[in-house]
Amino acid sequence: NSVWVSTDHDEIEKVAKQFGAQVHRRSPEVSQDSSTSLEAIREFLNHHHEVDIVGNIQATSPCLHPSDLIKVADLIQKEGFDSVFSVVRRHQFRWSEVKKGENKMTEPQNLNPAKRYRRQDWPGELYENGSFYFAKRHLIEKGYLQGGKMAYYEMRAEHSVDIDIDIDWPIAEQRVLSFGYFGKEPLKEVKLLVCSIDGCLTNGRIYVTEDQKEMVSYDYRDIVGIDLLKKRGIQVRLISERDCSKTLSAMQLGCVAKVSATNKLQVLENWQKDMGLSWKEVAYLGNEETDVECLKKAGMSGVPADACAVAQKAAGYICKSNGGCGAVREFAEHIFLLLEKVNSARKQ
């Protein structure tokens with residue numbers, strides 16, 4: 001009935017609201033390193049007496065699908081269970097731990113070594129995977145996330161992803177690409193990237209020589225990023241409010257460009273219509289207030305790390321790199337990640 005993000009962090013609150021969630025601001029008492037999920041949920045319920053059932057979805061399990069959560073909610077609302085939690089089937093043989101200095105041997109926990117069978121022929125065991133815990137209010141108020149009439153929900157192994165430590169991140173990213181949920185609306189490939197020149201392709205600085213010639217600097221990584229985009233069939237076009245024709249000519253990028261653009265949004269709309277693209281097929285990289293409307297229109301939008309505050313607020317992705325220091329290459333990698341998602345969704 002409602003989706004909430006529980007946090008004490010301003011940036012997390014901003015992102016949560018951007019994606020349509022409501023936010024419960026945690027108190028300092030339940031925001032400590034030692035605080036438990038149960039403490040945060042009980043505090044939430046104290047402020048929301050209209051809530052009868054809580055589905056605690058863990059942020060460290062990014063491969064959840066709505067269909068699983070709907071089935072779990074039905075177990076409580078229609079079949080009368082008080083609590084339901086997620087498990088995954090593992091095929092791992094367990095042995096007792098022998099601590100250093102103990103004079104004893106390890107013992108098998110779930111197998112007979114004399115009649116050892118192939119793991120693929122063994123039904124396996126169920127383990128909590130921490131993806132979600134659903135429970136009725138009366139249980140949580142008593143201090144339980146599991147209790148009463150309990151049931152487990154077995155998740156598919158490919159959807160069971162748990163991020164505990166840093167090295168789990170790359171594994172989780174690949175699993176999400178292959179098995180993640182990308183929404184009801186079909187993903188579309190980006191066909192056009194429009195990049196603001198000043199402050200994105202360059203660092204925004206203009207150097208003037210004694211004979212009044214202008215010079216700008218750019219990062220070769222960004223040029224490589226543009227070339228990679230072109231090789232993937234993505235058109236790259238450039239836009240600037242200044243007349244920087246000579247600079248572009250010197251850079252020899254081979255991109256369509258519009259300089260002296262007084263209305264960037266109008267230029268972007270003209271390009272989108274001329275190419276017959278939907279907005280979801282357009283990406284935009286900007287950094288100034290004049291880019292905000294373009295950032296809002298484009299299906300994929302990004303800004304360098306040093307973009308102005310209003311541009312950052314309008315963008316879907318904030319690069320770690322500054323303008324003129326690899327931001328274009330980084331945003332290109334972000335676009336390639338979307339293309340992988342599109343291909344994965346098609347396979348599904």
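The values are calculated or read from the model by the stated rules, or taken from the named source; none is laboratory data. None of the values given here were measured: they were computed from a predicted structure. A quick note on method: Cβ atoms are made from the backbone with ideal geometry, for glycine too, and the neighbour counts reach across all protein chains shown. Just the protein is used for accessible areas: all its heavy atoms, side chains included, with ligands, DNA and RNA removed. Shrake-Rupley method; radii C 1.70, N 1.55, O 1.52, S 1.80 Å.
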Subject >> Every residue from segment 10-59 that is assigned to a loop (DSSP other than H, G, I, E, B) and open to solvent by less than 90 Å² (accessible area, probe 1.4 Å) >> reply: GLY20, ALA21, ARG26, SER27, SER31, SER35, THR36, HIS48, VAL51, GLN58
Original post:
Which ones in segment 275-290 are within 18 Å of ALA305 (Cβ to Cβ) and either assigned to a helix (DSSP H, G or I) or not assigned by the TED database to the domain that holds VAL259 (or both)?
Top reply: GLU289
Original post:
Using beta carbons and a limit of 6 Å, which pairs, at least six apart or on different chains, have the first residue in segment 333-347 and open to solvent by less than 50 Å² (accessible area, probe 1.4 Å) and the second one at pLDDT below 85?
Top reply: VAL342/LEU187; SER344/LEU177; SER344/SER178; ALA345/PHE182; ALA345/LEU187
Original post:
Within segment 214-268, which residues are of a type in the set (Val, Ile, Thr), farther than 18 Å from GLU281 by Cα and in a helix (DSSP H, G or I)?
Top reply: ILE223, VAL224, THR247
**OP:** Pull up segment 60-116, narrow it to residues that are touching a helix residue (DSSP H, G or I) at 6+ places or on another chain (Cβ under 9 Å) and open to solvent by 50 Å² or more (accessible area, probe 1.4 Å), then point me to the one that is nearest to SER37 (Cα to Cα).
**Re:** THR60
Original post:
Are any of the residues in segment 195-207 farther than 26 Å from GLN312 by Cβ, exposed (fewer than 14 other Cβ atoms within 10 Å of the Cβ) and outside the structural domain of GLN312 (by the TED database)?
Top reply: no
**OP:** Just give me the residues in segment 283-292 being open to solvent by less than 60 Å² (accessible area, probe 1.4 Å) and out of contact with any Ser or Thr (no Cβ under 9 Å at 6 or more places or on another chain), in sequence order.
**Re:** VAL292
Original post:
Residues in segment 320-344 that are in a helix (DSSP H, G or I) and on the phi > 0 side of the Ramachandran plot: how many?
Top reply: 0
Subject >> Residue among ARG137, ARG175 that alone is basic (Lys, Arg) and at pLDDT below 90 >> reply: ARG175
Original post:
Looking at GLU154, GLU107, GLU102, GLU97, which is the one that is among the acidic types (Asp, Glu) and in the same structural domain as ALA59 (by the TED database)?
Top reply: GLU154
**OP:** Determine whether CYS244 is touching a Lys or Arg at 6+ places or on another chain (Cβ under 7 Å) and without any contact (Cβ under 8 Å) to a residue 60 or more places away in the chain.
**Re:** no
Original post:
Hey, any hits in segment 321-331 for a residue that's modelled with pLDDT of 90 or more, among the basic types (Lys, Arg) and either surrounded by 15 or more Cβ atoms within 10 Å (Cβ to Cβ) or more than 19 Å from VAL224 (Cβ to Cβ) (or both)?
Top reply: yes
Original post:
Mind checking which pairs have a first residue in segment 184-198 that is touching a residue at least 60 places away in the same chain (Cβ under 8 Å) and a second that is open to solvent by 40 Å² or more (accessible area, probe 1.4 Å) and in a strand (DSSP E or B), Cβ under 7 Å, 6 or more apart or different chains?
Top reply: LYS191/GLN235; LEU192/GLN235
Original post:
Exactly one of (1) in the same structural domain as GLY286 (by the TED database); (2) outside any loop (DSSP other than H, G, I, E, B) is unmet by ALA172. Its number?
Top reply: (1)
Original post:
Has segment 186-202 got at least one residue that is of a type in the set (Lys, Arg) and under 29 Å from ASP306 (Cβ atoms)?
Top reply: yes
**OP:** For segment 270-282, indicate whether the set of residues that are within 22 Å of GLY233 (Cβ to Cβ) and among the basic types (Lys, Arg) is non-empty.
**Re:** yes
